[in-house]
Amino acid sequence: MRQLLPLNYIHSTGVFKRASRKMNTNSSNMMALAPNTSKKRETVCIFGTGDFGRALGHKMIQCGYHVVYGSRSTQISNLVPKDAEVLSHAEAAQKAAIVIIAIQRQHYNFLTPLAEILRGKVVVDISNNLKLNQYPESNAEYLAQLLPGARVVKAFNTVSAWALQSGALDASRQVFVCGDDTEAKEMVMNIVRALGLTPLDQGSLLAAQEIENYPLQLFPMWKFPIFLSLGLTAFFFFYCLALDVIYTYIYEHNNFSFFIAMTIPNRICPVVALILLGLVYLPGVLAAIIQLYRGTKYRRFPDWLDKWMLCRKQLGLIALAFASLHAVFTLASPLRSFVKWRNAKPIISQALNNKTEPLDTTNAWLSDSYLALGIIGFFFFVLVGITSLPSVSNSVNWREFRFVQSKLGYLTLILCTAHTLVYGGKWFLSPTAYKWYLPNIYMLSLVVPCAVLVVKFVLIFPCVDKPLTQIRQGWERNPKSSEQSNYIINKSAV
Ligand code: NAP
């Protein structure tokens, strides 16, 4: 089977993977440079004795820096680190070559009269905003406009005061740094390293807006998968409620409302898991069809497809979470009083009638098969999920990563689809399964994965696979038209 991810996506992810691996190597190098208090370092000035100014100053003093605060009030409060000096802004700025502005952007006007004192100094902007793209220019660019002679560098805005103070920096060791002056940037990166953090050079000050937006982003890649899974869960909950509880109450006069606690969740979880798993592989298949249709890989995919492909890992992990819940619900199932009662019923009736039912080997085969397929499918699902974790994916090469994510991923999809088919297949032909003319929930769950597997099967035929491989290696059916479309894309970008 061939990997069906579009090459431009694979390349970009490959670059990302290499970059993150490089980052990790860097970080291990950086860790060797972590706090060394024995060495006395230079004086650093911090404007503002607020939460962040104090936390950063405290950490810097620990790491051997001499810290001098520039504040509106020179009275030393108990909260300011005891080895630090507190002076007026002008006096403090004169004592250091690096001035860190730990003050909100809306107060930056007070810096204008200090422009001459700050001329030639490295001025570090650490500020964040309350909203994405709140101002037309980034805070760092605004600071550079206010202080034309200063060498402005953006840094530290993704590190929280609490993390600095408590030392809980595991999740936020990376410090994004950008600025137009390379030497100034290097000086700030040296401080970052000395604090035991990892600087990541993001280029010129133009990158500041993006860096300022980072702390405001709330799981950007998770939004679509979370909303989708919540939507599917809600839909299937009401679907099951209607068919398993309301229908049986109206037509069979049975009160199965307790199904809401275990039975319905244990139906929803595998169904949502399987659909989401199918949706992980569907964009790859669609991308292949689009490339075959266009006869080139040099035209951009539609935006929705690009976005969909970027959140496949999140979709897969949520699917794994649903599958795990299904496994737990199933293991807990024999403890349920309803299940105990249902299992005891045929035994009691056999005892009362003094008759032993022979073993139905067809049923035994079916139940053993779907259980085995489910267990093996879940095993591979967990394996694929584990390899998507950065710590694991960084330790395998790109080919190994693709092998697990694509080959084992498809194997997981096949096993899980077969598990559902064997379990739910018996209802497909039974008229009683169509309550209110609606299909059983398991039938609905098979639509996406079966469609993906069928198209994937067609795509591996040599007559389809060969042109697709050629396209992905750069061959074009009609080179002129793609040149034209590239020209149009470039022109619109300009
Ligand atoms: P804060 O606790 O409110 O402190 C801000 C400080 O700015 C005040 O203590 C004050 O220091 C000074 N200040 C206030 N009004 C001023 C004015 N009109 N003129 C001059 N100085 C004034 O805020 P913070 O949490 O430390 O945040 C400071 C900056 O760091 C913000 O831009 C924020 O986005 C950024 N940041 C904060 C965190 C965090 O976790 N807190 C994380 C990353 C980035 P003096 O009384 O000494 O003059």
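Look at the alpha carbon pairs under 8 Å that are at least 6 residues apart: their mean separation over the length of the chain gives a relative contact order of 14 percent. Largest first, the residues Lys340, Lys121, Lys154, Lys82 sort by 1.4 Å accessible area into Lys82, Lys340, Lys121, Lys154. His58 sits with roughly 80 Å² accessible to a 1.4 Å probe, with DNA, RNA and ligands left out of the calculation.
If R0 is taken as 25 Å, the Cβ-Cβ distance between Trp475 and Leu230 corresponds to a FRET efficiency of 0.05.
Once the 1.4 Å probe is applied to the protein heavy atoms, the chain comes out at 54 Å² accessible per residue. Taking the Cα centre of the range 335-484 as origin and assigning +1 to Lys and Arg Cβ atoms and -1 to Asp and Glu Cβ atoms, the resulting dipole is close to 240 debye. Ile471 sits with roughly 0 Å² accessible to a 1.4 Å probe, with DNA, RNA and ligands left out of the calculation.
Remark on the chain: hydrodynamic radius 27.6 angstrom, per the Kirkwood mean of 1/r across alpha carbon pairs. Axis of helix 263-294 versus longest Cα principal axis of the chain: the two differ by about 70°, to the nearest ten degrees.
Of the solvent-accessible surface of the chain, computed with a 1.4 Å probe and all protein chains present, 63% belongs to carbon and sulfur. With both labels modelled 7 Å from their Cα along Cα-to-Cβ, the Ala364 to Thr112 distance reads 9.0 nm. Dividing the helix sum by the residues of the chain, where each DSSP H run of 4 or more adds -39500 (n - 2.57), gives a mean residue ellipticity at 222 nm of -18000 deg cm²/dmol.
Taking a straight line from the alpha carbon of Lys40, these lysines sit under 28 Å away, with near neighbours fewer than eight places off in the same chain left out: Lys59, Lys82, Lys95, Lys121, Lys154, Lys185. In this structure Arg312 has an accessible area near 20 Å², from a 1.4 Å probe over the protein heavy atoms. Spin-label model, Ala242/Gln134: points 7 Å from Cα along the beta carbon direction are separated by 4.6 nm. Between Lys340 and Leu352, the simple label model (points 7 Å from Cα in the Cβ direction) yields a spacing of 2.0 nm. To the nearest ten degrees, helix 462-472 and the longest principal axis of the Cα atoms of the chain are 10 degrees apart.
The values are calculated or read from the model by the stated rules, or taken from the named source; none is laboratory data. These numbers were taken from a predicted model, which means no experiment stands behind them. Cβ: placed from backbone, ideal geometry, glycine included. Neighbour counts: every protein chain shown. These accessible areas exclude ligands, DNA and RNA; they are computed on the full protein's heavy atoms, side chains included. Shrake-Rupley method; radii C 1.70, N 1.55, O 1.52, S 1.80 Å.
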